[in-house]
Amino acid sequence: MTADQFTTDDAVEMFASLAQPTRLEVFRLLARYLPYGLPAGDVARLLAVPHNTMSTHLSQLERAGLLTSRREGRSIIYAAKSIKLGSLFDVMLGEMRPSADRDGASFPQRRPAAGDAKGYNLLILCSGNSARSIMAEAILNREGAGRFRAYSAGSRPQERPHRLAVELLESLGYETSHLRSKSWSEFAGKRAVTMDFVVTVCDAAAGEECPFWPGHPLQAHWGIPDPALVKGTKDVQRAAFLAAYRRLTARLTALVNLPVESLDLANLKKELAAIGRMEGATDMTLSAPQAA
């Protein structure tokens, strides 16, 4: 790709790169982290893709001009180059213009630490608190990096987290020893931890009458299919848990990167509802009235 001109050949290479499902998900993930970028290892973990395979995909996207990278210590940080998509649409519309994205001009930055930023408590609910909500708790507590503190519970909790959920999390490097299935009554009442957000990830829990939540948290429904209900071989069941993990990751990384502090209540509700309607949402989620 030339330094000062975006061509039709460049557009073809970009389309070819994004036509592969994993690479498309990589670009979507990194676009949510603009302008900071993510280490290659975090990209692999969040999308549950082996590191060697992810390295190949990242290299292809970088060759196509969709990503930029730099080394920090032992890590390579990747960031999306959003200006390239603007150039891509210009080519589709027949407008050729010099690229504003010079080599090295778009450089990934490290995400700032939470510092003095306000922290947010989020309660994630599903009926059994054994699969979806457990995985979401683990993902957000790691990805939230102190800005978000996640808890999970269920209306009818199982005895323990689902074995396949725990296996998947452990295979991706998550700490699981503290995870347990628990009743949502632990988070109800005046002495409970005050939540800023309550999110249901299963339709059953969303349809039940919830307890009283101290502090009147903002509520949203992000229903996705229950992987624990999938029948078949172990490989089929593991694939269902992997799909649920990726859908939860997409929603939680979108949340983490919301400018929560600068959004008024109405726009924050809209953003949370839009997150819930991301790929893989249940019919109940998609049919819910959108925030005005």
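The values are calculated or read from the model by the stated rules, or taken from the named source; none is laboratory data. All values derive from a computational prediction rather than experimental measurement. Note that each Cβ is placed from the backbone with ideal geometry, even for glycine, and that neighbours are counted across all protein chains shown.
The single residue among Arg246, Arg251 that is in contact (Cβ under 8 Å) with a residue 24 or more places away in the chain and in contact with a Leu (Cβ under 8 Å, 6 or more places away or on another chain) turns out to be Arg246.
None of Ala254, Ala266, Ala243 is over 22 Å from Val166 (Cβ atoms) and either among the polar types (S, T, N, Q) or surrounded by 15 or more Cβ atoms within 10 Å (Cβ to Cβ) (or both) except Ala254.
Would you confirm whether any residue within segment 232-248 is part of a loop (DSSP other than H, G, I, E, B) and over 14 Å from Ser127 (Cβ atoms)? Scanning segment 232-248, I find at least one residue that is part of a loop (DSSP other than H, G, I, E, B) and over 14 Å from Ser127 (Cβ atoms), so the answer is yes. Within the option set Val43, Val49, being outside the structural domain of Ala254 (by TED's automatic domain parsing), free of Cβ contacts under 8 Å to residues at least 60 places away in the same chain, assigned to a helix (DSSP H, G or I) and of a type in the set (Val, Ile, Thr) holds for one residue only, Val43. Only one of the numbered conditions (1) without any contact (Cβ under 8 Å) to a residue 40 or more places away in the chain; (2) crowded, with 21+ Cβ neighbours inside 10 Å is not met by Ala220, and that is (1). Going by the conditions given, is Asp226 charged (D, E, K, R), more than 23 Å from Ala145 (Cα to Cα) and touching a Lys or Arg at 6+ places or on another chain (Cβ under 7 Å)? Yes: the conditions hold for Asp226. Of the set (1) surrounded by fewer than 19 Cβ atoms within 10 Å (Cβ to Cβ); (2) aliphatic (A, V, I, L, M); (3) within 30 Å of Lys118 (Cβ to Cβ), all apply to Val198 but (1). Of all residue pairs spaced 6 or more apart or on separate chains, none has beta-carbon atoms under 6 Å together with a first member in segment 172-188 that is outside the structural domain of Leu140 (by TED's automatic domain parsing) and surrounded by 15 or more Cβ atoms within 10 Å (Cβ to Cβ) and a second member that is in a loop (DSSP other than H, G, I, E, B) and among the basic types (Lys, Arg).
If you go through segment 221-245 and pick out every residue that is under 29 Å from Cys210 (Cα atoms) and charged (D, E, K, R), you end up with 1.
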